[in-house]
Amino acid sequence: MLRHFMRLDIDNDLLTAMAERWRPEVHTFHFPEGEMTITLRDVALLTGMPITGEAIIGNSSKPEGGWGSLIFERLGFNMPTTTPVQGVGHPPLDAGQVSIPWLVEHIQQEVDLGPDTPEDQVERYARVYLIGLVGEFLFPDKENRWIQGMWLPLLLGDWDEIGGKSWRSVVLAGIYRELCTCSRLGAKQAGGAMFILQLWAWEHLPMFAPRDRREFWGPDEELRFLANPPYGVK
């Protein structure tokens with residue numbers, strides 16, 4: 001099912017304790033035994049994402065016609081900008097944010113994947129999956145349901161360009177930024193790929209890791225989503 005990217009229950013108590021020991025001046029955790037931090041090598045082992053390639057940078061301004069015109073051109077969806085989504089109170093396209101659940105619901109209604117599915121429909125389905133992967137998995141916001149429009153020119157662009165980016169470095173930078181943000185006085189939540197930080201803590205601080213990780217990952221079959229998974233997801 002498209003909505004299922006990776007099922008990992010977040011240990012909020014563990015991540016809160018980690019954030020309390022984060023020092024934004026040096027980007028390290030301060031423990032009684034010394035300093036530790038999550039590195040590019042850690043992210044590589046835990047996710048398998050590439051580090052080589054171009055940096056993920058670009059112009060975050062809206063294209064001519066707005067984000068809605070880009071979505072219609074590449075995905076064929078005419079996203080409402082005034083009608084609120086039921087139970088949310090905001091339209092699917094609101095203030096530069098795009099509703100991931102809305103996209104997922106509509107692509108699943110329109111595209112029934114099978115051996116005879118046209119290539120253009122398979123590509124539309126794959127792009128929505130990629131939007132969900134980035135917006136809910138690698139760079140989730142605090143609501144875990146929206147993606148910023150600035151990601152769309154890349155995710156709806158050339159496939160080779162998407163694969164040629166240094167995703168590992170930008171994910172690590174996002175984790176650092178969120179830790180620095182949530183370490184401030186008054187902060188209550190953190191976005192970003194906190195699941196990577198949790199896996200890192202399980203590997204480097206094994207006393208906090210669950211004895212049976214299936215309690216966090218779900219049934220055994222969900223662990224075999226890669227033929228040779230990175231070390232951190234085994």
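The values are calculated or read from the model by the stated rules, or taken from the named source; none is laboratory data. Fair warning: this is a prediction, and the values are worked out from it, not measured in the lab. Neighbour counts are summed over all protein chains in view; Cβ atoms, including those assigned to glycine, are modelled from backbone coordinates with ideal geometry.
Condition check ((1) surrounded by 18 or more Cβ atoms within 10 Å (Cβ to Cβ); (2) in contact with a Cys (Cβ under 9 Å, 6 or more places away or on another chain)) across all residues:
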| site | (1), (2) |
| --- | --- |
| Gly135 | yes, no |
| Pro140 | yes, no |
| Gln148 | no, no |
| Glu161 | no, no |
| Trp167 | yes, no |
| Cys182 | yes, no |
| Gln189 | no, yes |
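Being of a type in the set (Phe, Trp, Tyr) and assigned to a helix (DSSP H, G or I) is the filter; apply it to the stretch 123-145 and report the residue that is farthest from Glu105 (Cα to Cα). First the steps, then the outcome.
Of the stretch 123-145, the ones of a type in the set (Phe, Trp, Tyr) are 125, 129, 137, 139.
If we keep only those that are assigned to a helix (DSSP H, G or I) too, we end up with 125, 129, 137.
Values: Tyr125: 11, Tyr129: 11, Phe137: 18 Å.
Applying the filter and picking the extreme gives Phe137.
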(message) Restricting to the stretch 1-58, name every residue that is at pLDDT 90 or above, surrounded by 12 or more Cβ atoms within 10 Å (Cβ to Cβ), assigned to a loop (DSSP other than H, G, I, E, B) and of a type in the set (A, V, I, L, M).
(response) Ile38
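Taking the conditions exactly as written (on the phi < 0 side of the Ramachandran plot, not assigned by TED's automatic domain parsing to the domain that holds Gln121 and either not in a loop (DSSP other than H, G, I, E, B) or not charged (D, E, K, R) (or both)), does Glu73 satisfy them or not?
On the way: on the phi < 0 side of the Ramachandran plot: yes; not assigned by TED's automatic domain parsing to the domain that holds Gln121: no; either not in a loop (DSSP other than H, G, I, E, B) or not charged (D, E, K, R) (or both): yes.
The answer is no for Glu73.
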(request) Please determine, by comparing only the residues of the stretch 60-84 that are under 22 Å from the mean Cα position of the chain (by Cα) and touching a residue at least 60 places away in the same chain (Cβ under 8 Å), which one is farthest from His106 (Cα to Cα). (result) Ser60
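Applying the selection to the stretch 96-109, what residues are in contact (Cβ under 8 Å) with a residue 12 or more places away in the chain and either part of a loop (DSSP other than H, G, I, E, B) or not aliphatic (A, V, I, L, M) (or both)? Working first, answer last.
Restricting attention to the stretch 96-109, the residues satisfying the condition of being in contact (Cβ under 8 Å) with a residue 12 or more places away in the chain are 96-104, 106-108.
If the condition is that a residue be in contact (Cβ under 8 Å) with a residue 12 or more places away in the chain and either part of a loop (DSSP other than H, G, I, E, B) or not aliphatic (A, V, I, L, M) (or both), then Gly96, Gln97, Ser99, Pro101, Trp102, His106, Gln108 are the ones that fit.
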